[in-house]
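Visitor: Have a look at the structure that comes next, please.
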4 protein chains.
Amino acid sequence: MSSAANHKHTAILDAAYELFGSGGFYETKMSEVAEHAGIAKGTVYLYFKSKEELFMAVTRRDCEGFMQQLEHKLEDCTAPTEKLAVIAEHHLMYYYERKQHTKLFFRAPNNNPELVAYMALFMEEYMQAVVKVLLEGGASEPELMAQSYIGMLDRLKMDILFQPSFTEEDAYKRAKFAAALFIHGAIGSLNAENGY
Amino acid sequence: MSSAANHKHTAILDAAYELFGSGGFYETKMSEVAEHAGIAKGTVYLYFKSKEELFMAVTRRDCEGFMQQLEHKLEDCTAPTEKLAVIAEHHLMYYYERKQHTKLFFRAPNNNPELVAYMALFMEEYMQAVVKVLLEGGASEPELMAQSYIGMLDRLKMDILFQPSFTEEDAYKRAKFAAALFIHGAIGSLNAENGY
Amino acid sequence: MSSAANHKHTAILDAAYELFGSGGFYETKMSEVAEHAGIAKGTVYLYFKSKEELFMAVTRRDCEGFMQQLEHKLEDCTAPTEKLAVIAEHHLMYYYERKQHTKLFFRAPNNNPELVAYMALFMEEYMQAVVKVLLEGGASEPELMAQSYIGMLDRLKMDILFQPSFTEEDAYKRAKFAAALFIHGAIGSLNAENGY
Amino acid sequence: MSSAANHKHTAILDAAYELFGSGGFYETKMSEVAEHAGIAKGTVYLYFKSKEELFMAVTRRDCEGFMQQLEHKLEDCTAPTEKLAVIAEHHLMYYYERKQHTKLFFRAPNNNPELVAYMALFMEEYMQAVVKVLLEGGASEPELMAQSYIGMLDRLKMDILFQPSFTEEDAYKRAKFAAALFIHGAIGSLNAENGY
DNA sequence: AATGAATGAGAGTTCATTCAT
DNA sequence: GATGAATGAACTCTCATTCAT
């Protein structure tokens with residue numbers, strides 16, 4: 001792929017990421033994507049053979065970026081607890097930085113087996129990265145624990161979507177909170193006298 | 001509303017729940033809903049003024065059912081830990097029993113402020129129910145803790161979607177796992193010698 | 001089918017016959033068909049599920065009309081020679097009367113197996129009708145003879161397409177000519193002294 | 001035109017003949033023609049200014065080849081009956097040898113006056129070649145007779161298209177059959193006692 | 001109240017043609 | 001001369017919604 005073609009490929013992915021992310025699959029028109037990318041409608045089809053394939057490509061690039069950045073950050077630390085903190089911060093901050101694009105995962109085309117398969121693969125990969133950290137800590141049931149941790153983080157990130165006032169500060173705070181809660185449990189902050 | 005009208009209203013909601021749930025908003029046709037409900041296409045519009053409003057009604061009924069059943073179950077127990085266990089079990093089992101309808105929350109119409117507002121309301125309400133339990137236990141930061149717990153449960157339920165082999169047994173197991181993890185934290189099951 | 005629906009069905013077929021006939025399959029737009037039929041674009045699809053199916057229906061109706069009229073005319077005569085004359089006249093006049101629609105057979109959608117199969121069926125049926133007449137006359141190789149006769153007629157009709165000045169008179173004359181030529185052969189009118 | 005250019009011109013015509021012949025005008029893409037010819041899409045337009053003109057050129061070359069071969073074959077014989085036999089054999093064999101390309105004449109672009117005019121011209125030329133033979137035999141109405149003969153041959157060739165099992169043998173047999181039928185008429189093989 | 005035939009805006013996609021390189 | 005990336009007009013078909021019956 002020539003440099004110009006590569007540039008256009010990227011421009012389309014960027015435009016599609018922007019629009020699919022903020023409007024979802026169904027409410028984004030290919031003509032809008034083209035317009036956003038500064039090219040003609042037909043040109044999009046030179047790079048992606050259908051709307052679904054474009055969505056797949058956008059999703060794949062986003063997920064891969066998420067994983068790569070995470071793995072890179074994990075290389076820099078050693079203690080499992082530290083790693084868990086890094087995971088939490090990465091999860092929260094990644095979405096905080098992309099808060100305009102929260103519909104990418106939400107409003108995907110249904111009934112597209114390839115996409116469903118890819119999403120399952122991504123979830124598995126993410127989970128395994130967490131599992132690996134937990135195994136270093138000697139956890140039993142590491143998969144369920146990993147799922148739980150990811151779930152916590154995912155929910156704590158939700159308010160980014162719903163609260164316009166959500167700040168970067170909030171994101172950091174929640175990341176720390178999640179790591180602490182996950183490690184020590186609610187009992188750490190619950191009043192033991194109340195029956196725990 | 002007469003009994004006959006009420007019956008039709010319900011039939012439409014049931015059909016729409018079935019179809020929106022399994023196919024998502026965009027891939028469900030109003031004509032299919034009508035057919036499923038055993039009535040004519042135009043009749044749907046006598047009860048719901050648009051596809052979006054129908055979706056809203058379906059969502060609302062489902063969320064209300066979820067909350068009502070939860071509150072009813074919570075009435076029967078007293079200890080906060082027990083209540084947390086009930087919440088976990090309710091969350092997992094509710095979705096297990098409705099595993100054919102997992103797309104209801106996933107593939108909703110975008111850019112519908114009313115729906116977004118309602119979903120936020122539901123999340124708030126669910127969260128407050130958990131908060132109330134946590135406050136009984138004297139938790140600090142009960143809202144973040146509630147969100148975290150719900151997030152754990154939500155992720156642990158995901159495999160219902162992706163693993164056809166997921167059993168009722170699995171659902172129960174995960175509910176117990178989540179409650180324990182939430183209360184005692186990962187440290188309970190992590191090898192303390194590994195640096196925790 | 002209600003009378004109104006039946007009327008619309010016919011109106012669409014008529015419009016499609018007109019347009020496919022004069023412009024061919026590819027150069028006829030569904031929107032034009034709708035406009036010609038005095039209805040909305042979407043309505044066409046309530047009666048025919050695709051452009052190809054509409055074309056099939058038009059073709060089928062035309063071919064069936066051709067065959068039915070032919071069989072009806074053949075009932076009225078007994079001698080094989082008379083029947084051959086009737087066939088010739090029917091062939092020429094049928095197309096003369098529909099001279100605006102000559103592209104129906106010519107410019108059909110390619111690669112549509114169903115249409116190809118139907119056309120083969122029609123040709124077979126037409127041929128068999130001629131074969132039947134020839135067998136009454138005791139012909140050997142009746143199928144090749146039938147094909148030949150039909151071919152003669154079909155070519156003699158061509159000028160209807162290309163000569164704007166072609167008259168009804170011409171059509172009758174050619175029908176008679178064809179029948180005579182087919183029965184007696186060229187030798188009847190060729191100068192025997194020239195080597196025949 | 002340089003030799004290289006001439007070669008490319010021919011390569012395009014060959015590719016177009018192949019594709020128009022097997023797929024028809026509308027279902028053949030210029031990009032396919034280019035690919036088949038082993039050149040770039042844009043290059044086709046250096047040699048033919050539009051798809052229609054390319055189709056015209058293909059048609060013209062095919063028709064001219066048909067006529068030239070025919071005239072050449074006719075030079076070798078003297079008796080009109082022999083010439084008629086040669087014509088029949090040429091017609092059948094020409095299409096038999098090109099049976100993959102039967103859609104060239106069938107699925108031409110509509111509403112192209114130039115093409116329509118050319119086809120009329122070709123038919124006229126072919127007819128006149130037959131007329132010439134018939135006049136040597138002293139025929140009256142030689143034009144209608146020529147048309148009839150050509151029509152017979154054209155129809156007898158049709159099965160090449162529809163019967164995959166059609167053999168070269170069949171083609172020869174039909175050629176002989178057509179010549180005999182044309183000269184002696186059906187009466188030669190019909191049972192005279194049946195009323196002829 | 002109930003129907004379902006009719007509507008028509010609007011979507012995704014194709015492909016002949018152009019033109020800067 | 002040769003290329004092939006880019007264009008954008010034009011197509012078929014869908015489906016939420018309406019309204020005369």
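Visitor: So for the pair C:Thr43, B:His7, with labels modelled 7 Å out along Cα→Cβ, what separation do we get in nm?
Guide: That separation, rounded to one decimal, is 3.6 nm.
Visitor: Roughly how compact is chain D, stated as its Cα Rg over 2.2 N^0.38 Å to two decimals? It would help to have the intermediate numbers written out before the result.
Guide: On the way: Rg = 19.4 Å, N = 196, 2.2 N^0.38 = 16.3 Å.
My calculation over the Cα atoms of chain D gives 1.19.
Visitor: Could you tell me which residue out of C:Leu74, C:Thr10, C:Phe177 lies farthest along the dipole of chain C toward its positive end? Charges go on the beta carbon: Lys and Arg +1, Asp and Glu -1, centred on the Cα centre.
Guide: C:Thr10
Visitor: Please state the charge dipole magnitude for the protein assembly as shown, taken about the Cα centre, from unit charges on C-beta atoms (+1 on K and R, -1 on D and E), reported in debye and rounded to the nearest 20. Could the numbers behind the result be given before it?
Guide: Values: 76 positive and 108 negative charges, 166 e Å.
Computed charge dipole of the protein assembly as shown: roughly 800 debye.
Visitor: On the protein heavy atoms, probe 1.4 angstrom, tell me the percent of accessible surface of the protein assembly as shown carried by carbon and sulfur. Walk me through the numbers on the way to the answer.
Guide: Details: 18630 of 35790 Å².
Of all accessible area on the protein assembly as shown, carbon and sulfur atoms account for 52 percent.
Visitor: Give the aspartates and glutamates reachable from D:Lys176 as a straight Cα distance under 12 Å; neighbours fewer than 8 places away on the same chain don't count.
Guide: Counting by Cα, and skipping residues close in sequence, D:Lys176 has these aspartates and glutamates nearby: D:Glu82, D:Glu89.
Visitor: For the pairs B:Lys41/B:Lys157; C:Lys99/D:Lys157; B:Lys132/B:Lys157; A:Lys41/C:Lys51; D:Lys99/D:Lys173, flag any whose C-alpha to C-alpha distance is greater than 27 Å. Numbers along the way, then the final one.
Guide: Details: B:Lys41/B:Lys157 35 Å; C:Lys99/D:Lys157 25 Å; B:Lys132/B:Lys157 23 Å; A:Lys41/C:Lys51 25 Å; D:Lys99/D:Lys173 17 Å.
Pairs exceeding the cut-off: B:Lys41/B:Lys157.
Visitor: Is the C-alpha gyration tensor of the protein assembly as shown telling us rounded, prolate or oblate? Criteria: a/c under 1.5 is rounded; beyond that, a/b larger than b/c is prolate, otherwise oblate. Write out the running numbers ahead of the final one.
Guide: Numbers: a/c = 3.78, a/b = 2.54, b/c = 1.49.
It is prolate, given that a/c is not under 1.5 and a/b is the larger ratio.
Visitor: If you keep only loop residues by DSSP, which trypsin sites (Lys or Arg not before Pro) in the stretch D:8-113 have at most 10 other Cβ atoms within 10 Å of their Cβ?
Guide: On the way: sites: D:Lys8, D:Lys29, D:Lys41, D:Lys49, D:Lys51, D:Arg60, D:Arg61, D:Lys73, D:Lys83, D:Arg98, D:Lys99, D:Lys103, D:Arg107; in loops: D:Lys29, D:Lys49, D:Arg98, D:Arg107.
Of the trypsin sites (Lys or Arg not before Pro), the ones in loops of the stretch D:8-113 whose Cβ has at most 10 other Cβ atoms within 10 Å are D:Lys49.
Visitor: Now a separate question. Helix-only mean residue ellipticity at 222 nm, chain A, DSSP H runs n ≥ 4 weighted -39,500 (n - 2.57), per residue, nearest 500. What is it?
Guide: Calculated at 222 nm, the ellipticity per residue is -24500 deg cm²/dmol.
Visitor: Please give the charge dipole size of the stretch B:6-70, origin at the Cα centre, charges +1 on K and R Cβ atoms and -1 on D and E Cβ atoms. Round to the nearest 20 debye.
Guide: Approximately 220 debye in magnitude.
Visitor: List the distances, in nm to one decimal, from the label point of D:Tyr118 to the label points of the same position in every other copy, shortest first, placing each label point 7 Å from Cα along the Cα-to-Cβ direction.
Guide: Counterpart label points of D:Tyr118 in the remaining copies fall at 3.1, 4.7, 6.4 nm.
Visitor: Once both axes come from the Cα atoms, what is the angle between helix D:142-162 and the longest principal axis of chain D, in degrees from 0 to 90, rounded to 10?
Guide: 60
Visitor: Still on this structure, I have one more. Quick check: the angle from helix C:80-97's long axis to the longest principal axis of chain C, C-alpha only, nearest 10 degrees?
Guide: In chain C, helix C:80-97 runs at an angle near 40 degrees to the longest axis.
Visitor: In Å², and per residue, what accessible area does chain B have when probed at 1.4 Å with the other protein chains present? Don't jump to the answer; show the numbers that get you there.
Guide: Details: 8950 Å² over 196 residues.
That works out to 46 Å² for each residue.
Visitor: Placing +1 on the Cβ of each Lys and Arg and -1 on the Cβ of each Asp and Glu in chain B, which of B:Gly38, B:Ala88, B:Tyr149 has its Cα farthest towards the positive end of the resulting dipole?
Guide: Of the options given, the answer is B:Gly38.
Visitor: With a cap of 16 neighbouring Cβ atoms within 10 Å, and only residues DSSP puts in a loop, list the GluC sites (Glu not before Pro) found in the stretch B:1-63. Write down the numbers at each step before the final one.
Guide: On the way: sites: B:Glu18, B:Glu27, B:Glu32, B:Glu35, B:Glu52, B:Glu53; in loops: B:Glu27.
Passing sites in the stretch B:1-63 are B:Glu27.
Visitor: Suppose every K and R has +1 on its Cβ and every D and E has -1 on its Cβ; what is the size of the dipole of chain C about the Cα centre, in Debye to the nearest 20?
Guide: Values: 19 positive and 27 negative charges, 109 e Å.
Roughly 520 debye for chain C.
Visitor: Compute the acute angle (0 to 90°) between the alpha-carbon long axis of helix B:51-75 and the principal axis of greatest extent of the alpha-carbon atoms of chain B; round to the nearest 10°.
Guide: The helix B:51-75 is inclined about 40 degrees to chain B.
Visitor: Any idea which of C:Pro113, C:Cys63, C:Ser140 is furthest toward the positive side of the dipole for chain C, if Lys and Arg beta-carbons carry +1 and Asp and Glu beta-carbons -1?
Guide: Result: C:Pro113, furthest along the dipole toward the positive end.
Visitor: Sticking with this structure for a sec: Taking the axis about which chain D rotates onto chain A, which residue of D lies nearest it as judged by Cβ position, and how many whole Å separate them?
Guide: D:Gly42, 4
The values are calculated or read from the model by the stated rules, or taken from the named source; none is laboratory data. Since this is a predicted model, take the numbers as computed values, not measurements. Cβ atoms come from the backbone with ideal geometry, glycine included; neighbour counts cover every protein chain shown. Calculation scope for accessible area: heavy atoms of the full protein, side chains included, ligands and nucleic acids excluded. Shrake-Rupley method; radii C 1.70, N 1.55, O 1.52, S 1.80 Å.
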